[in-house]
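Would you mind keeping the following structure in view while I ask a few things?
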Amino acid sequence: MADPKVEYVRQWLLHAERDLGYARLGGMPGEQFYAQALFQCQQAAEKALKGFLAFHDVELEKTHELEPLIRKASAFDERFATLVDEAVLLKPYAVDVRYPGDLQEPTEITFDEGIAAAEAVLQLVFDALPPEVRPGPRK
């Protein structure tokens, strides 16, 4: 029987991976749904960080703010402090991008930066956690 905590953390990480995968689809040639893809990038980073914190038994808050999550994660692993730039880059895509007129339409460059930021967060989370909580091999 699987450990409930391991399964809980694995579900957070699985959702993070799927959000990032979905985000990548938004930048495929002929698609270019950059705003929606960047929302998914922010979601991927948020869920990965929450998975890391859940592994460390931190009570999760209902927040889309990445910077406080990074600060909390840094208490367990100082490498997370290096993710502040990624948090700042992804911040506008948590809410503002979901409604017309709240944010300038992202470009391919912005999309590429968002994908890279989300990938950096997920990679660090995966590197910082034991293999048994990971949903599958990293690509």
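Would you confirm, using the coordinates I've provided, whether GLU86 is outside any helix (DSSP H, G or I) and either acidic (Asp, Glu) or under 11 Å from the mean Cα position of the chain (by Cα) (or both)?
So GLU86 does not fit the description; no.
Would you confirm, using the coordinates I've provided, whether ALA35 is of a type in the set (Gly, Ala, Ser), free of Cβ contacts under 8 Å to residues at least 24 places away in the same chain and part of a helix (DSSP H, G or I)?
In short, no.
Residues checked against (1) among the aliphatic types (A, V, I, L, M); (2) closer than 18 Å to VAL9 by Cβ:
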residue	(1), (2)
MET28	yes, no
GLN32	no, no
GLN36	no, no
ALA54	yes, yes
LEU90	yes, no
THR107	no, no
ALA120	yes, no
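Checking the structure you have, find out if any residue of segment 2-12 is under 17 Å from GLU113 (Cβ atoms) and crowded, with 23+ Cβ neighbours inside 10 Å.
The answer is no, given that none of the residues of segment 2-12 is under 17 Å from GLU113 (Cβ atoms) and crowded, with 23+ Cβ neighbours inside 10 Å.
Only one of GLU86, GLU113, GLU119, GLU108 is at negative phi, among the acidic types (Asp, Glu) and either exposed (fewer than 12 other Cβ atoms within 10 Å of the Cβ) or free of Cβ contacts under 8 Å to residues at least 12 places away in the same chain (or both). Can you tell me which?
From the options GLU86, GLU113, GLU119, GLU108, the qualifying one is GLU108.
For segment 46-64, which residues satisfy the criterion of being surrounded by 13 or more Cβ atoms within 10 Å (Cβ to Cβ) and either outside any helix (DSSP H, G or I) or not basic (Lys, Arg) (or both)?
GLU46, ALA48, LEU49, GLY51, PHE52, LEU53, ALA54, PHE55, HIS56, VAL58, LEU60, HIS64
Turning to a different aspect of this structure: Kindly provide the set of residues from segment 54-76 that are of a type outside the set (Lys, Arg) and within 24 Å of ARG98 (Cβ to Cβ), ordered by number.
Within segment 54-76, LEU60, GLU61, THR63, HIS64, GLU65, LEU66, GLU67, PRO68, LEU69, ILE70 meet the criteria.
The numbers here are math on the coordinates, done by the rules we state, and not lab data. If you're wondering where the values come from, they're calculated on a predicted model, not measured in any experiment. Note: ideal-geometry Cβ built from the backbone for every residue, glycine included; neighbour counts use all protein chains shown.
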